[in-house]
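This report concerns only the one structure given below.
The values are calculated or read from the model by the stated rules, or taken from the named source; none is laboratory data. Keep in mind that what you see is a predicted model, and the values were worked out from it rather than measured. Note that we place each Cβ from the backbone using ideal geometry, even for glycine, and neighbour counts take in every protein chain shown.
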């Protein structure tokens, strides 16, 4: 069985893996058909993701087809198309006992802490598969990205009359935007890139899009989706008194905190990590109903056979990538 392994910085190799065995109790054998290319994958390819060690098979945004099911699996059938919830939690730690499985103390994410989906077939826990045969596999591969935004907005708990600012309009910022606009009609996106601003203006009518803002309060809820330490520090300056700031992007650099501003405005600062299981069927339902349209998102596609060359092109300045998908032949 073929797999594409990242063996070192910017260096993939094709490898042969043994075929997975038959699924055991609670397991499912799946064929991988589509993988969304995430910022985590790109950071890993560039050698900048601290959680990815080499060698690693990338791939956590997956659209798959069920090939066989083990015993004790009653919600899936062979042939079902599924989105994959790629978070493998222990179920026993403090976070898991609270129902906060996204923050499991021993969490392993497919394609990050352990090998992921850039292979032809793999065994997965059945409870991590969310079926919907009305959607194509490339649509199902976007569900995990959308789940990041879904969870972040749930963390903020916006009211319908609260104004929201989203800093950054990459895939994570767009995932936040999808759910922010379901919660409030007063949404602004701050994005320095002209192409991304044009994308938001074209596909999200009613959302205000700006290239810059003065360093002053302008929103009750501020999401930072840049992963830039400087932008994350500056996000606090845009929050109104008593406002909430949610860090969705992540950086390995220290983020300076303006403590007098933070205290004077009595701000709430929240982190948002991964997503929860119930987010996945909710998102699938929103896509099926048309309330979320994933079609404009996928700007680039490539066969996984061409992924090494494609990643180099997609990370080049001016590539125009909104969201890229690798399709497994």
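Pick from the stretch 222-240 the residues that are surrounded by fewer than 24 Cβ atoms within 10 Å (Cβ to Cβ) and touching a helix residue (DSSP H, G or I) at 6+ places or on another chain (Cβ under 8 Å): which of them is farthest from residue 275 (Cα to Cα)?
237
Can you name the number of the only condition in (1) outside any strand (DSSP E or B); (2) modelled with pLDDT of 95 or more; (3) out of contact with any strand residue (DSSP E or B) (no Cβ under 6 Å at 6 or more places or on another chain); (4) farther than 18 Å from residue 285 by Cβ that residue 161 fails?
Against the list (1) outside any strand (DSSP E or B); (2) modelled with pLDDT of 95 or more; (3) out of contact with any strand residue (DSSP E or B) (no Cβ under 6 Å at 6 or more places or on another chain); (4) farther than 18 Å from residue 285 by Cβ, residue 161 comes up short only on (2).
One residue is enough: does the stretch 63-84 have a residue meeting the conditions at pLDDT below 95, crowded, with 22+ Cβ neighbours inside 10 Å and closer than 25 Å to residue 151 by Cα?
Among the residues of the stretch 63-84, not one is at pLDDT below 95, crowded, with 22+ Cβ neighbours inside 10 Å and closer than 25 Å to residue 151 by Cα, which makes the answer no.
Residues in the stretch 173-189 that are part of a loop (DSSP other than H, G, I, E, B) and touching a strand residue (DSSP E or B) at 6+ places or on another chain (Cβ under 6 Å): how many? Let's see the steps before the verdict.
Quick first cut of the stretch 173-189, residues part of a loop (DSSP other than H, G, I, E, B) only: 184-186.
Among the residues that remain, those that are also touching a strand residue (DSSP E or B) at 6+ places or on another chain (Cβ under 6 Å) are: 184.
Residues in the stretch 173-189 being part of a loop (DSSP other than H, G, I, E, B) and touching a strand residue (DSSP E or B) at 6+ places or on another chain (Cβ under 6 Å): 1 in total.
Within the stretch 195-210, take every residue that is part of a helix (DSSP H, G or I) and touching a strand residue (DSSP E or B) at 6+ places or on another chain (Cβ under 9 Å) and give me the one that is nearest to residue 321 (Cα to Cα).
Initially, the stretch 195-210 is screened for residues part of a helix (DSSP H, G or I), giving 195-203.
After this cut, where a residue has to be touching a strand residue (DSSP E or B) at 6+ places or on another chain (Cβ under 9 Å) as well, the list is 196-201.
Details: 196: 9, 197: 13, 198: 13, 199: 11, 200: 13, 201: 16 Å.
Ranking the qualifying residues of the stretch 195-210, first place goes to 196.
Might you let me know whether the stretch 40-59 holds any residue that is assigned by TED's automatic domain parsing to the domain that holds residue 75, within 24 Å of residue 129 (Cα to Cα), assigned to a strand (DSSP E or B) and under 18 Å from the mean Cα position of the chain (by Cα)?
No, the conditions are met nowhere in the stretch 40-59.
Filter the helices (runs of 4 or more DSSP H) completely within the stretch 229-329 down to those with at least 2 residues that are under 22 Å from residue 154 (Cα atoms) and not assigned by TED's automatic domain parsing to the domain that holds residue 219. Even if it seems obvious, please write down each step before you answer.
Details: elements: 229-235, 259-264, 279-289, 307-314.
Result: 279-289.
May I ask you to list the residues in the stretch 102-112 that are over 15 Å from residue 148 (Cβ atoms) and surrounded by 17 or more Cβ atoms within 10 Å (Cβ to Cβ)?
Filtering the stretch 102-112 for residues over 15 Å from residue 148 (Cβ atoms) gives 104-106, 108.
Across the stretch 102-112, the qualifying residue is only 104.
Go through 135, 123 for me and flag whichever is assigned by TED's automatic domain parsing to the domain that holds residue 26, touching a strand residue (DSSP E or B) at 6+ places or on another chain (Cβ under 8 Å), part of a strand (DSSP E or B) and surrounded by fewer than 24 Cβ atoms within 10 Å (Cβ to Cβ). Walk me through it before giving the result.
Details: 135 fails: part of a strand (DSSP E or B).
Being assigned by TED's automatic domain parsing to the domain that holds residue 26, touching a strand residue (DSSP E or B) at 6+ places or on another chain (Cβ under 8 Å), part of a strand (DSSP E or B) and surrounded by fewer than 24 Cβ atoms within 10 Å (Cβ to Cβ) holds for just one of 135, 123, which is 123.
Based on what the data block shows, is residue 240 touching a strand residue (DSSP E or B) at 6+ places or on another chain (Cβ under 7 Å), farther than 27 Å from residue 280 by Cα and at pLDDT 95 or above? Break it down stepwise before answering.
On the way: touching a strand residue (DSSP E or B) at 6+ places or on another chain (Cβ under 7 Å): yes; farther than 27 Å from residue 280 by Cα: yes; at pLDDT 95 or above: yes.
Yes, satisfied.
Does residue 192 meet the test of being touching a strand residue (DSSP E or B) at 6+ places or on another chain (Cβ under 8 Å) and closer than 21 Å to residue 237 by Cβ?
Working: touching a strand residue (DSSP E or B) at 6+ places or on another chain (Cβ under 8 Å): no; closer than 21 Å to residue 237 by Cβ: yes.
Considered against the rule, which asks whether it is touching a strand residue (DSSP E or B) at 6+ places or on another chain (Cβ under 8 Å) and closer than 21 Å to residue 237 by Cβ, residue 192 comes out as no.
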